[in-house]
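Step one of this worksheet: look at the structure below.
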Amino acid sequence: MADVPSGGGEEPVFGPPVVRGGRIGAAGVFVGRTRELGELRGEIGRAGLGARGEKRARVLLVAGRPGVGRTALAVRLAEDVAGDYPDGQVFLRMTTPDGDPVRAGHAARAVDRALGRTREPGHRRALLVLDDVQHADQLDGLIPDAPGSLVVVTSDGPLPGVPDVRPCTLGGLDTPAAVELLAHTIGSTRVTCDPRAAETLVQEIGGHPTALRLVAAWLVARPTLSVADAAARLRAVPAEPPATTGAEPPRATAQGELLRSFRLVHDDLPPTAARILRLLVLAPAGTVDAQVASALAGCSVAAAQSTLDDFVAGALLTPGPETGPELPPQYRLPGCFGPLLRGLLESRDRPEEIRLARARMLERTVRLLLTCGAALAERRLPDDGPRSLSFDSRGTAVAWLRSRQPALLAAARTAVADGDLDTLARRLIAAEVQALQAVGAGTAAEQYELHGLVLDVAERRGLDREKAAALINLGDLDAVAGRSDRALERYRAALDAARACDDQEAEGRVLEALGGTYQERRDPQRATDWYGRALALRQERGETEHEARLHGRIGALLTYDGRYGHALREWRAAAGAYRRLGDLAGQARALTEAARVQEYAGYPEDALRSCRDALYWARKAGERRLEGAILLRLADTLDRLGDPSGAAAQRAAADRLLTAPVNAPATAPANAPLNPPAAGASPAEN
């Protein structure tokens, strides 16, 4: 889903929204909320009005604190009415795994891709569920101007700025529904044996669905305890949150009933399992697998997997994104548990232990990325690592990288933000970029963010060489995406950094990149100037390969600008540089371009001689397709010189070369030179 916006100088957007197209289906058990569902269905029938009174899609808002079931209610409603929206249904999470809001423009593009454009917008009947919206600005451009569509939004509270919306505010479940949910988890027998105790328990929890699931799962694991015992144990848990070093934002503050239930479950865990649970809050993007848990806890992967399975059974983790049968499963840490775990971690674990756990996790991530990169490149690493760090095939490595991408990006952000793990952060980012480049297309946005993180570290540490490299990479990605203004800005900053550390290799790259960008902007004069500066630097360093290429680029620009004399000198210089390199094919190509310039300038006889010289070197190089292309140019030149029979002979020879099998013997064309150009003469003078 990640992409880099094109044009307009728009900032790239990262942390792609989670989109689910097709028919939206509710997951898990859904109980109660009959009144709320009725209210929401009644709202659907009213025509939606925009800020200026125009008709648009109806917007419904489900508001409530995290963990009260607002997403479950929105998805249940969508499932019930999906048949009325034949043009598609989309579930879109409007908060990134790091807790940041997804920008409206990125979300709108994601919706467009999911729904397609099969109908005119005003006639579309589509259903959107926009989950966890943090502020009204996120809805800009997302609400269709189509009265037949429906948008269901979930949020912590009202969204000022969204007109004509009456929020459906959720609290706890009513007692009958909460008892039903409890019975579904622990079994109806235990509830039937003491129905009053069941009611007492759900009232103690305030009907909070997540808190109730926690306590119910805790009871399932303790078959000798009664429901009354659970209510008594819960009543004894203090409701005050543990002290933390920093205040949580208002949206993350936990309700007392959730806090008490969570503390009951956590404090009853074995010490090792409780420590692993606390450390899971360090997992990037709230996504956990056995490798992450193993590294955080410093235990085996098998032991970590067993503990994660216990956490899922205990309603402490939920299944994460699908990874396929060839990869280990992923799990999500519910967002409402984050503040609770952070408080417990800070109050019960030493800072140095927390830092060591984070470093172990990042080091494990580096090793996984290196192994993934090797599998993507289809090369073997030494067989001295554990089996759990290997990939059976390139396809498995691609699947792992794609499924872990949000967490991998979050790991890189975490390493950079720490400030004391810069060496580890640089290794992690380098391994991740290498793996993404091996995948190829579709990873530009991720690479852009990673190079931006490298730039942050380089600027913080005063590393001019790495700063220059990061800026060049960012400029290259900007240029590919068509953001030439931003690319020029990046390249000029990179030039300053390269010169500050006397990195002439980086300086040469930047000078050439500046020339290329101006060439893309159709500014041949500036492009020629920057290519000329790069050429002077490469000549000073004796880098003949770069020199040959730059002579060719300058020659092409001068040809385009109609400056044929200067262009011819550049192409001859390029041919000479390729000759010194022993690159016969490059020499032949440069001579062919010289012939083109001579023909444009009105000197077909000179062009003919240059073509024949090029043909000689192409044949010496064994480049059959190049030889055929030169023969076609030679034929065109002979036509202009009034030799149609000679031109026909060259075209026939070119046809034989271009259509014959690769290993077929070459056939000498008519009028082809049998001897090399005279020694000491310039290519076009023989």
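Along the stretch 499-514 the Karplus relation, 6.51 cos²θ - 1.76 cosθ + 1.60 evaluated at θ = phi - 60°, assigns HN-Hα couplings of 5, 5, 10, 6, 8, 5, 5, 5, 4, x, 4, 5, 4, 5, 5, 4 Hz to successive residues, with x for each Gly and Pro. By the Kirkwood approach, averaging reciprocal distances over each pair of separate Cα atoms, the stretch 59-105 gets a hydrodynamic radius of 12.6 Å. What FRET efficiency do you get for Asp655 and Arg367 if R0 is 56 Å and r is their Cβ-Cβ distance, rounded to the nearest 0.05? In this case the efficiency is close to 0.50.
Projecting the Cα atoms of Ala469, Leu408, Ile429 onto the charge dipole of the stretch 357-498, computed from C-beta unit charges around the Cα centre, puts Leu408 farthest toward the positive end. Using C-alpha pairs below 8 Å separated by at least 6 residues, the relative contact order for the stretch 463-533 is 28 percent. Averaging the sequence gap over all C-alpha pairs within less than 8 Å and six or more residues apart, then dividing by the number of residues, gives the stretch 613-656 a relative contact order of 35 percent.
As an exercise, use a Förster radius of 41 Å and the Cβ-Cβ distance of Arg499 and Arg355 to find the FRET efficiency, rounded to the nearest 0.05. Computed FRET efficiency for Arg499 and Arg355 comes out at 0.65. Multiplying the residue separation of Asp418 and Val237 by 0.36 nm and removing their Cα-Cα distance gives an extension gain of 61.7 nm.
Shape of the stretch 280-436 from its Cα gyration tensor (a ≥ b ≥ c, root eigenvalues): rounded if a/c is under 1.5, otherwise prolate when a/b > b/c, or oblate?
Since a/c reaches 1.5 but b/c is at least a/b, the shape of the stretch 280-436 is classed as oblate.
When only the Cβ of Lys, Arg, Asp and Glu is charged (+1, +1, -1, -1), the dipole of the stretch 556-661 relative to its Cα centre reaches about 340 debye. Counting only protein heavy atoms and using a 1.4 Å probe, the accessible area of Val179 comes to about 30 Å². The modelled label-to-label distance between Ala228 and Arg46, using points 7 Å beyond Cα along the C-beta direction, is 4.9 nm.
Using 0.36 nm per residue and subtracting the Cα-Cα separation, the extra length available between Lys620 and Leu641 on full extension is 4.9 nm.
For Thr169, the residues 5 or more places off, or on other chains, whose built amide H falls under 5 Å of its own are Ala63. Spin-label pair Cys193-Asp268: with each label point 7 Å from Cα along the Cα-Cβ axis, the two points sit 1.5 nm from one another. Applying 1/(1 + (r/R0)^6) with R0 = 51 Å to the Cβ-Cβ distance of Ala377 and Ala601 gives a FRET efficiency near 0.60. Each residue of the stretch 167-180 was assigned a 3J(HN,Hα) from its phi angle through the Karplus expression (A = 6.51, B = -1.76, C = 1.60, θ = phi - 60°), giving x, 9, 8, 9, x, x, 5, 5, 4, x, 5, 5, 5, 4 Hz with x at Gly and Pro. Annotation: average projected area of the stretch 119-225 is 9.4 square nanometres, based on the convex hull of Cα atoms across all directions. Over the stretch 170-244, the hull volume per residue, using the convex hull of the C-alpha atoms, is 96 Å³.
Spin-label model, Asp100/Ser347: points 7 Å from Cα along the beta carbon direction are separated by 3.1 nm.
With a 1.4 Å probe rolled over the protein heavy atoms of all chains, the accessible area of Arg332, Arg404, Arg569 falls in the order Arg569, Arg332, Arg404, largest first. All C-alpha to C-alpha distances of the stretch 395-535, sorted into 10 Å bins beginning at zero, yield P(r) values of 12, 37, 33, 15, 3 percent in whole numbers.
The values are calculated or read from the model by the stated rules, or taken from the named source; none is laboratory data. This one's a predicted model, so the numbers in the text were calculated from it and none came from an experiment. Heads up, the Cβs are rebuilt from the backbone with ideal geometry, glycines too, and the neighbour counts pull from every protein chain shown. Side chains are part of the model used for accessible areas, which takes the heavy atoms of the whole protein and leaves out ligands, DNA and RNA. Shrake-Rupley method; radii C 1.70, N 1.55, O 1.52, S 1.80 Å.
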